[in-house]
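One structure below.
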Amino acid sequence: MFAGVQERETINAKIKEIDSFVRSSSIYELDESDILIGIMNGYISGVDDKYAKYYTADEYYKQQQIESGVIIGTGVETEIKGDYLEITKVYSGSSAEVAGLSKGYIITAVDKKNVLEIGAEKAQAMLDGEEGTKISLTVKAPDDSEKSVTLVRQQIKLQSAVGKLVDGYAYIKIYTFNNTTGEQFTQLIDNFESQSVLGYIFDVRDASDGITAPLTAMLNRVLPKAVVATSKGNDGVEQTLVETDGTTVIEKPIAVITNNGTACVAELFAAGMRDFAGASVVGSVTSGKAELQTTRSFKDGSAVSISTARAYPTQSESFDNVGITPDYTVDITAQQAENIKFADAESDPQLQKALEAVAAK
């Protein structure tokens, strides 16, 4: 229910009252930027939309880079773990990879400043910078050995889709859906088709982020002519979201591997493959995120993203809040998932089942 003029005036008046009291009475020095960010985040947290987000100018710039498929950075992704930063990903070909860094390393100092002293959030922000600039890190390996490295911030093209032949079948892992994914995906398909592969296994496990733009190009390379998915906004009007033209169609056995980290665009991908290519879905029930977000940017470079529509497969049932149930359920433990090697059926029970499924068609 939308608030009327009186309700909005009450909200604004309340903010002014709080602001007046804090400014006249607080013993702490106020930072106008922090106050603004706090107000914006507070407003968004009050919206009944778990996917809504407020981006500062820096955060939105990074998000735009991720969606474009090209980022500038040190080659590592990090998350705050206790008082320090843990490296959660190292990009192939980056200076971080060359320096021997890998997932699980702990960053203890940035440019000779102890993370414990400056704070993990500030240390994380220090990793960003202009292309070509250098930064020194002190890191601790999982075996507790410590070393210092110097990294160069560089342009990194995100590898959103990679492939490998497995027992005569094309295995394609899709990490995310960004502006480069469609091109990378279709190039992989073209390459595998030239090798006359027996079939395809598409892995969208943990593909939880992304944009819908590349989905049409990806499905267009495989599926016949169809309206694959529609969407409905708050006006209730149904619109075509994904439509294929049937110019190129693959008529080979297909399987899609999913887990509970498979969300939104990846779920549409899996549903489209099952509905129009007869693909078998293998793995675990998906996330059930049908909400689509729209982002609005502002003059100061900040932005707000909110859910503005829901996506619906045209042939199968809606996966909103329930997920997609696999044709072959193969649940694995977190420990098993951690030990899976890329395109290795021996260490990956879900891939093994997917191979059995395509071989049986």
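Laboratory data are not the source of any read-out in this text; all were calculated from the coordinates shown. What you see is a predicted model, and the numbers here were worked out from it, not measured in a lab. Every residue, glycine among them, receives a Cβ derived from its backbone with ideal geometry; neighbour counts consider all protein chains shown.
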*In debye, nearest 20: dipole of the range 200-273 around its Cα centre with unit charges on the Cβ of K, R (+) and D, E (-)?*
200 debye
*Does the range 161-359 classify as rounded, prolate or oblate by the C-alpha gyration tensor (a ≥ b ≥ c root eigenvalues; a/c under 1.5 gives rounded; else a/b over b/c gives prolate, otherwise oblate)?*
prolate
_Rounded to the nearest 20 debye, dipole of the range 161-359 from Cβ charges on Lys, Arg, Asp, Glu_ = 300 debye
*Positive-pole candidate from Ile72, Gly82, Leu101, dipole of the range 66-109, charges at beta carbon*: Leu101
*asked:* Give the residue list of chymotrypsin sites (Phe, Trp or Tyr not before Pro) in the range 257-327 that are DSSP loop and have at most 15 other beta-carbon atoms within 10 angstrom.
replied: Phe298
*Mind jotting down a quarter of the surface of the convex hull over the alpha carbons of the range 29-129, in square nanometres, one decimal?*
8.3 nm²
*What are the DSSP H helices in the chain that stretch 18 Å or more along their long axis, judged by alpha-carbon atoms, and whose average Kyte-Doolittle hydropathy comes to at least 0.5?*
32-45
*Can you find, among Thr56, Met40, Leu241, the residue farthest towards the positive end of the dipole of the chain? Put +1 on the C-beta of Lys and Arg, -1 on that of Asp and Glu.*
Leu241
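In debye, nearest 20: dipole of the chain around its Cα centre with unit charges on the Cβ of K, R (+) and D, E (-)?
400 debye
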*Quick one: which of 304-316, 27-39 comes out on top by average Cβ neighbours within 10 Å, and what's the full order, highest first?*
304-316, 27-39
*Which listed pairs, of Lys112/Lys299; Lys50/Lys232; Lys103/Lys147, have C-alpha distances above 27 Å, in listed order*: Lys112/Lys299
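So for each of 144-151, 85-92 I average, over its residues, the number of other beta carbons within 10 Å; can you give me the resulting order with the highest mean first?
The most tightly packed comes first, giving 85-92, 144-151.
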*asked:* Between Arg296 and Ser25, what is the label-point separation in nm under the 7 Å Cα-to-beta-carbon projection?
replied: 3.4 nm
*Sort the following peptides by mean Cβ neighbour count (other Cβ atoms within 10 Å, averaged over residues), highest first: 117-129, 250-262.*
250-262, 117-129
_For a quick check of your reading of the filter: which GluC sites (Glu not before Pro) in the range 332-361 sit in a DSSP loop and have no more than 15 other Cβ atoms within 10 Å?_
Glu346
*With label points built 7 Å along Cα→Cβ from the Cα atoms of Asp167 and Thr329, find their separation and express it in nm.*
2.3 nm
*Shape call for the chain from the C-alpha gyration tensor, a ≥ b ≥ c root eigenvalues: rounded (a/c under 1.5), prolate (a/b greater than b/c) or oblate?*
oblate
*Extreme residue, positive dipole direction of the chain, given options Ala311, Val162, Ile11 (C-beta unit charges)*: Val162
*What is the distance in Å between the Cα centres of the range 207-248 and the range 33-68?*
27 Å
